[in-house]
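Written below as structure tokens is the structure these notes are about.
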Amino acid sequence: MPHTFKNIKVWQKAHEMVLQIYKITEDFPSSEKYGLTSQFRRAAVSVATNIVEGYKKKTDKDFAHFLNLADSSLEETKYHLLLTLDLKYLDKKYYQDLSILADEVGRMLFGFRRSLKFKS
């Protein structure tokens with residue numbers, strides 16, 4: 001199997017999260033199209049995108065930088081998730097399931113960053 005970002009477990013989980021967020025945001029009010037829907041999707045996609053971009057960097061230090069960016073976007077995604085619950089755009093079960101997935105992505109990002117070998 002060729003080496004590709006698609007083989008990275010944390011990217012796979014992040015991609016799964018993005019697909020679920022796209023699915024739930026389809027039912028958001030049309031008034032949120034350019035607001036919360038767009039921001040929520042952008043933040044979630046940024047998690048996976050930064051993993052992909054970092055994967056192609058030449059050094060582990062550069063890769064770690066992009067994993068940090070992915071982690072920042074994940075925090076933004078978690079806030080949007082909470083906001084959608086508070087606005088009642090999302091029921092508690094979906095919120096809990098997505099929160100668990102987002103937390104798993106966060107733990108995986110942390111572990112992956114720690115596994116990279118570089119000098120600060």
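The values are calculated or read from the model by the stated rules, or taken from the named source; none is laboratory data. Quick caveat, the model's predicted, so the values are computed rather than measured. Here the Cβ positions follow ideal geometry from the backbone for every residue, glycine too, while neighbour counts run over all protein chains shown.
If you take the residues of region 25-70 that are farther than 20 Å from residue 90 by Cβ, at pLDDT below 95 and hydroxyl-bearing (Ser, Thr, Tyr), which of them is surrounded by the most Cβ atoms within 10 Å (Cβ to Cβ)?
Among them, the one singled out is 55.
Regarding region 13-20, can at least one residue be identified that is part of a helix (DSSP H, G or I), in contact with a Phe, Trp or Tyr (Cβ under 7 Å, 6 or more places away or on another chain) and surrounded by fewer than 16 Cβ atoms within 10 Å (Cβ to Cβ)?
no
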